[in-house]
Amino acid sequence: MGQKEGMKALKGKTVILGITGGIAAYKGAELCRLLIQEGATVQVVMTQAAQQFITPLTFSTITGQETLTETFASDSQPLKHIELANKADLFLVAPATANIIAKFAMGLADDLLSTTALVINCPALVAPAMNVNMYAKTVVQENLSILKRRGWKIIEPEEGFLACGTSGKGRLANLESIVAACRQALLPSDFEGQKVLVTAGGTREPLDPVRYIGNYSSGKMGYALAQAAKERGAEVTLISTSELPPPPEIDIVRVQTAAEMLAAIQERFSECDIVIKAAAVADFRPGNMAEQKIKKGDHKELNLSLEPTPDILANLSKVKEKQLLIGFAAETQDLLQNAKKKLDEKNLDLIVANDVNRKDAGFGSETNVVTLLYPDGHKEQVPKMPKLEVAHRILDAIRTLPGFKERN
Ligand code: PMT
């Protein structure tokens, strides 16, 4: 796949979405909407049982495609399952009942969905949803193992409150995780085997127990990088000051200060292959943190004495062996000159120059506009796009670095 297409994994793709008979079938409507938002064409196939929970009309209205329910709907289309399977780029069943999982595992074909499953030649994913005891049954787990062995991806259900009134593992995975799994299934696994550390958010340097010196970084750029690397097969650890929930299946280490961030990275550095420092790290911190809240009445004016924080990237570049170090430069003036200076001074493999004067780029925004600067002087302008797409462009660039080692 052309790397520049990588970030829009679902764009222009046809997803066959199987809806089977469980209460979570109603969530399929929102799932359709999310997949369509990603640029996919969604063709829904419903089992008879699914239609007890939600109507085909709901899905036809959302997808703009006739929802299919019958193997032999008309004499003119006796080979519907073949036609469907041939046009599928991705086969997803969400929610998947124990019954459909058993049929897939045994190769039974007694309705349109199970018949199509036997013909597909594309990535296949199932997101089980059922009662906790049913999910735990050996036969269900064995059937899932069979599918896994055949290369199907199982999107594990979540723990939580279930429609049957009990609580436990069996609730349909959250829809964002399902969409992320779909993207991942279509993207190249070109970061498989890579251990990637990403930092995100602005550090907070305490002044007293209730105040800190911070900045406007939301963590979105770092989170997007973590998600993109995960989608492309990397093992990702996100070291974050941000309170955003972590992207699916990503280890998160929460820190506050530059010193804590440095310690968290140092602990993991020898094991990792790539460090991407999207975090906005304070350059200075209060020399002494007041033990108690600083009182207004005690001071006519307040002068803060600040000391430098450890420069994390500069520290890492002194001890790095195989690791690739990727920095960001958030600048309000002389963007490229300042970024180039940081690239050289911190001995980085790549720097992402980020003009933070713009409203649609940098701190807090959903989109970003960056320029990639390489040590050999080569530059690459990345136009405005959502941060997840920018993240994929940065990964594309990392793949071209001389120190990048394929690990799959
Ligand atoms: O989080 P968002 O709201 O999505 O915003 C994203 C962002 C604007 C924060 C991000 O895209 C960005 O530009 N991050 C870098 C911000 C920054 O601190 O840049 P800097 O020029 O001050 O630092 C240069 C590099 O050195 C950075 O990679 C930084 O992580 C690193 N650094 C800085 C200081 C320090 N003590 N140690 C460091 O390692």
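The values are calculated or read from the model by the stated rules, or taken from the named source; none is laboratory data. Note that this is a predicted model, so its numbers are computed, not measured. For neighbour counting, all protein chains shown are included, and Cβ atoms are generated from backbone atoms with ideal geometry for every residue, glycine included. These area figures cover heavy atoms from the full protein model, side chains too; ligands, DNA and RNA do not enter into them. Shrake-Rupley method; radii C 1.70, N 1.55, O 1.52, S 1.80 Å.
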With Cβ to Cβ distances under 15 Å as the rule, what net charge do the other residues near Ile54 carry (K, R +1; D, E -1)? +1
Compactness relative to 2.2 N^0.38 Å, alpha carbon Rg of the stretch 243-306: 1.60
Taking all protein chains as present, what is the carbon and sulfur share of the accessible area of the stretch 206-272, in % to the nearest whole number, probe 1.4 Å? 51
Per the 1/(1 + (r/R0)^6) rule, R0 = 56 Å and r from the Cβ atoms of Tyr26 and Lys295, FRET efficiency to 0.05 is 0.50
Leu244 versus Thr400: modelled label distance in nm, points set 7 Å from Cα along the beta carbon direction: 2.6
Coordinate range along principal axes, alpha carbons of the stretch 3-186, Å, largest first: 43, 42, 32
Just list whichever of Lys27/Lys387; Lys320/Lys387; Lys318/Lys340 have alpha carbons separated by over 25 Å in the model shown. Lys27/Lys387; Lys320/Lys387
Additional length obtainable on full extension of the chain from Ala163 to Gln141, 0.36 nm per residue less Cα span: 5.8 nm
Given a cut-off of under 8 Å on Cα pairs at least six residues apart, what relative contact order in percent is computed for the stretch 3-186? 22
Kindly provide the helix-only [θ] at 222 nm of the chain, computed as the sum of -39,500 (n - 2.57) over DSSP H runs of four or more divided by all residues, to the nearest 500 deg cm²/dmol? -9000 deg cm²/dmol
Label points 7 Å out from Cα along the Cβ direction at Gln333 and Glu366: separation in nm? 3.3
So how tilted is helix 138-149 from the main axis of the chain? Cα-based, degrees 0 to 90, rounded to 10. 70
Give me Rg over Rh for the chain, both radii from the alpha carbons and Rh done the Kirkwood way, two decimal places. 1.06
Cα-based helix-to-principal-axis angle, 175-186 vs the chain, degrees rounded to 10: 90
Could you compute the FRET efficiency for Val210 and Ile82, with r as their C-beta to C-beta distance and R0 at 60 Å, rounded to 0.05? 0.35
Using r as the Cβ-Cβ distance of Asp376 and Ser305, and R0 as 41 Å, what FRET efficiency do you calculate, to the nearest 0.05? 0.50
So, for the chain, what is the accessible surface per residue at a probe of 1.4 Å, expressed in square angstrom? 47
Sequence gap at least 6, Cα distance under 8 Å: using those rules, report the relative contact order of the chain to the nearest whole percent. 12
Using a simple spin-label model with points 7 Å from Cα along the Cα→Cβ vector, what separation in nm is obtained for Lys359 and Val319? 4.4
Rounded to a whole number, what is D in µm²/s for the stretch 103-196 from Stokes-Einstein with the Kirkwood radius over alpha-carbon pairs (10 °C, 1.306 mPa s)? 107
Got a number for the accessible area of His392? Probe 1.4 Å, square angstrom, nearest 10. 0
Per the charge dipole of the chain (beta-carbon charges, Lys/Arg positive, Asp/Glu negative, Cα centre), the residue among Val42, Ala264, Leu207 reaching farthest to the positive end is Leu207
